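*Asks:* Right, I'll just put the structure down here and ask away after.
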Amino acid sequence: MPLAFYARSATEAFWSEHWAGEDVEALVRIARDSPLTDLIERALPADGVVLEGGCGLGPYVLLLRRRGRVVAGADWSLDALRRCRAADSRAPLAVMDLGHLAVRSGSLAGYISLGVVEHDERGPDAIVADAARALAPGGRLVLSVPYWNGVRRILTRRLVEEGRRVQAAGGQFYQYAFSRREVRAFLEARGFRVLSFHPYDPARMFRARFRWLAARLGGGAREGGTREGGAPADAPPRGRARPSPRRIARAALRRALYGDASLRLFGHMILAVAVKR
């Protein structure tokens, strides 16, 4: 069984509130600089229509379209899609039930699902099954879910007990975290063959507790941001030949967090790349 978390149910109202403070173009810039984007682009087929199911504000829909791909977005939040359309009036977007897509069977070359299927308390099968129906044979699925990583495995008993306390106090189901074996099982059950797994976002588990350290090492800059004038956030100041101690420390911390062992221990999410048989 996957590891369940309780807080507030991830309803349409929840996501509208969650996205209310986000700027669409800022999210596109973050996606542009994210290592996750490289993984997604390498996994997708070169040609054909790609759908992002559960696109939210649509940063990946907009970014990939700007890079020449044929990408559409679907979500159940009309408010989110309106905000995405305001950023690009030509973006093909539609409100859909992801378990019953208004898409012709076998019509898609690729399907993106980032942090979506874990929020269905019944499990991911309905969304994965309809993604399989919509994909052509040989089509690619790029799907991510919260990762039942090494640290969460060590803390499983504590996390389960905490979930029970929250549930008893009126908390609602929020999401599941999955192991690699569980992700492989629910994908293979719907006719996919898993090609690779990629844990990512190891810093998420530390951000709240070590915000002060991130501020000291990163100068308070948001990952993927830029300085005034458009210079990359990690670019050394002009006239300085050697990198600053802060920059050296930040690079060392990043190398430590993004090694294979650290990703297995701390990766908040895991990306699966699969092909429809």
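*Asks:* Among the residues of segment 103-116, count how many are of a type in the set (A, V, I, L, M, F, W, C) and out of contact with any strand residue (DSSP E or B) (no Cβ under 6 Å at 6 or more places or on another chain).
*Replies:* Summing the residues that are of a type in the set (A, V, I, L, M, F, W, C) and out of contact with any strand residue (DSSP E or B) (no Cβ under 6 Å at 6 or more places or on another chain) in segment 103-116 gives 2.
*Asks:* Being surrounded by 16 or more Cβ atoms within 10 Å (Cβ to Cβ), at pLDDT below 95 and within 30 Å of GLU161 (Cβ to Cβ): is that true of ALA4 here?
*Replies:* So ALA4 does not fit the description; no.
*Asks:* Would you point out the residue of segment 7-29, among those that are among the β-branched types (Val, Ile, Thr) and surrounded by 18 or more Cβ atoms within 10 Å (Cβ to Cβ), that is nearest to CYS84 (Cα to Cα)?
*Replies:* So the residue we want is VAL24.
*Asks:* Right, something else. Of these, ARG90, ARG65, ARG104, ARG42, which one is in the same structural domain as PHE192 (by TED's automatic domain parsing) and surrounded by 15 or more Cβ atoms within 10 Å (Cβ to Cβ)?
*Replies:* Going through ARG90, ARG65, ARG104, ARG42 in turn, the sole match is ARG65.
*Asks:* In the set ALA241, ALA252, ALA261, which member is among the hydrophobic types (A, V, I, L, M, F, W, C), part of a loop (DSSP other than H, G, I, E, B), modelled with pLDDT of 50 or more and surrounded by fewer than 15 Cβ atoms within 10 Å (Cβ to Cβ)?
*Replies:* Values: ALA252 fails: part of a loop (DSSP other than H, G, I, E, B); ALA261 fails: part of a loop (DSSP other than H, G, I, E, B).
When all the criteria are applied, what remains is ALA241.
*Asks:* Does ARG153 satisfy being of a type outside the set (A, V, I, L, M, F, W, C), part of a helix (DSSP H, G or I) and over 18 Å from GLU118 (Cα atoms)?
*Replies:* no
The values are calculated or read from the model by the stated rules, or taken from the named source; none is laboratory data. Since the structure is predicted, the reported quantities are computational estimates derived from the model, not experimental observations. Here the Cβ is made from the backbone with ideal geometry for all residues, glycine too, and neighbour counts use every protein chain on show.
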